[in-house]
Amino acid sequence: MKTEGVYDVAIIGGGVCGSAIAYNLAKAGVKVALLEKGGICSGTTGTNPGFCVLTYREDPIVMEMALRQRLEWNALAEDLKIDLEYVETGGLIPISNHRELDVLDHVAGNCRQWGLKEVALVTPERAVQQERALDPSQIIGALYCPWEGKINPFNLTIGMANMARQLGAEIFIEDEVIAMEVNGHEVKALETSQRKIKADLFVCAAGAWTADVAAQAGVDLPVLYERGEAMVSIPLPPLIRGMVTDGQLFAVGENPPDRVIGACLGQTVTGNIVIAQATTDVDNYDCSSTLDGPREVAQRVLKLFPKLDDLEILRMWGGIIAYTPDRAPLFGFPENRKNLLAVVGFHSAIGIAPVLGKMVSDIFSTGSAAYDVSAYSPLRFRSAEIR
């Protein structure tokens, strides 16, 4: 027999966004349930390299969120009573040709317009001062931001989930939502194989699985996904100072190849070098790792960082990354489901998730939030309608 529970808010998804939402709601005294079909941080968040990016944020709203979060990492670590391993190392985007330069010059202009003044196009010689393993002969310049950093995505996500639990939230893992009960314009309850949960607000923060979850409430949300492949080395002495994102990823164009390759690197506090990524469109939530993807990434890495030629790889993995047809986030309520809030599609959400969590908490408690995210409403897609 299924157990039944009644909550103020039920959250579907135990990644960094779902955990941040649970933590902020529980901190505000809201009765919360979080449901995750696997384990906390077992999905996309667990495959994330932990880059807290600023330079390539989607728009001024998300940039403002990221700049705010940058100032709050230390306070959050104190609240969670955990070392988030946040380090502000600076970020570098190596530029290999003039096509990339044109695109990234535009990116830099957007950054300055949106409030990130500490960003600059620099010479190859200055780029090597930031990343001494970089071969300056392979680039014509780089985009540099001193404020970018890295964080441990596991410590962040599990830390927020654990603190949410301590504050009274109930967290159910390995408990997949299989049905939703709808009455009129509202979701009344969700069901798993083990329980039935009623709530005033249902938050879908299920990443690439958001469309499947929303479909159980009769809603068609245009959430797509792709696979990103990455790998990690054995622990090494310091070699990569900050976070590196390949400039060629910004010049892919409107007709990308079947597999998009870029050299993205960062070294953890334990010395492991995380290397990404090969990105491919896939079906059926295929997050398996291939041989060709990491091989092509390694070739690109060695072109820019030849000093890593004897790097020993510890493991490889793939992860599923959610996005929308216009590559902008989804945040809001679909038509005729006024209590089903979708939160998905934020690029590099690891660097803004706590702010998103606070925003959901404020919306539930006061009906408003610190940011105008109306542009992210599912209503911008005509397909986001009741079937």
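Every residue, every condition in (1) under 17 Å from Val30 (Cβ atoms); (2) small (Gly, Ala, Ser); (3) touching a residue at least 24 places away in the same chain (Cβ under 8 Å), yes or no:
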position	(1), (2), (3)
Lys338	no, no, yes
Ala342	no, yes, yes
Ser348	no, yes, yes
Ala353	no, yes, yes
Gly357	yes, yes, yes
Asp362	yes, no, no
Thr366	yes, no, no
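Counting residues in the stretch 309-318 that are closer than 21 Å to Ala353 by Cα, out of contact with any Asp or Glu (no Cβ under 7 Å at 6 or more places or on another chain) and assigned to a strand (DSSP E or B) gives zero.
Of all residues in the stretch 289-307, those being out of contact with any Phe, Trp or Tyr (no Cβ under 9 Å at 6 or more places or on another chain) and surrounded by fewer than 20 Cβ atoms within 10 Å (Cβ to Cβ) number 12.
Assessment of the stretch 334-349 against the conditions (in a helix (DSSP H, G or I) and crowded, with 17+ Cβ neighbours inside 10 Å) yields at least one matching residue.
With the condition kept exactly as written, say whether any residue in the stretch 265-285 is free of Cβ contacts under 8 Å to residues at least 12 places away in the same chain, surrounded by fewer than 17 Cβ atoms within 10 Å (Cβ to Cβ) and over 25 Å from Gly149 (Cα atoms). Yes: one or more hits.
None of Glu148, Glu186, Glu170 is among the acidic types (Asp, Glu) and either surrounded by 23 or more Cβ atoms within 10 Å (Cβ to Cβ) or modelled with pLDDT under 95 (or both) except Glu148. In the stretch 1-27, the qualifying residues are those that are assigned to a loop (DSSP other than H, G, I, E, B) and touching a Leu at 6+ places or on another chain (Cβ under 9 Å), and the one that is farthest from Val203 (Cα to Cα) is Gly14. Just for the stretch 1-28: of the residues that are among the β-branched types (Val, Ile, Thr) and more than 28 Å from His347 (Cα to Cα), which one is surrounded by the fewest Cβ atoms within 10 Å (Cβ to Cβ)? Within the stretch 1-28, the match that is surrounded by the fewest Cβ atoms within 10 Å (Cβ to Cβ) is Thr3.
Of the strands (runs of 3 or more DSSP E) lying entirely inside the stretch 45-156, the ones with 2 or more residues being within 24 Å of the chain's Cα centre (by Cα) are found at 91-95, 141-145.
The single residue among Val244, Val219, Val213 that is out of contact with any Asp or Glu (no Cβ under 9 Å at 6 or more places or on another chain) and either not assigned by TED's automatic domain parsing to the domain that holds Ile139 or not polar (S, T, N, Q) (or both) turns out to be Val213. Each residue in the stretch 196-246 was checked for being outside any loop (DSSP other than H, G, I, E, B), among the acidic types (Asp, Glu) and more than 18 Å from the chain's Cα centre (by Cα), and 2 of them qualify. Looking only at the stretch 127-141, how many residues end up being in contact with a Gly (Cβ under 7 Å, 6 or more places away or on another chain) and surrounded by fewer than 16 Cβ atoms within 10 Å (Cβ to Cβ)? The qualifying residues number 0.
The values are calculated or read from the model by the stated rules, or taken from the named source; none is laboratory data. What you are looking at is a predicted structure, and each value in this text was computed from that prediction instead of being measured. Glycine also receives a Cβ, built like all others from the backbone with ideal geometry; neighbour counts cover every protein chain displayed.
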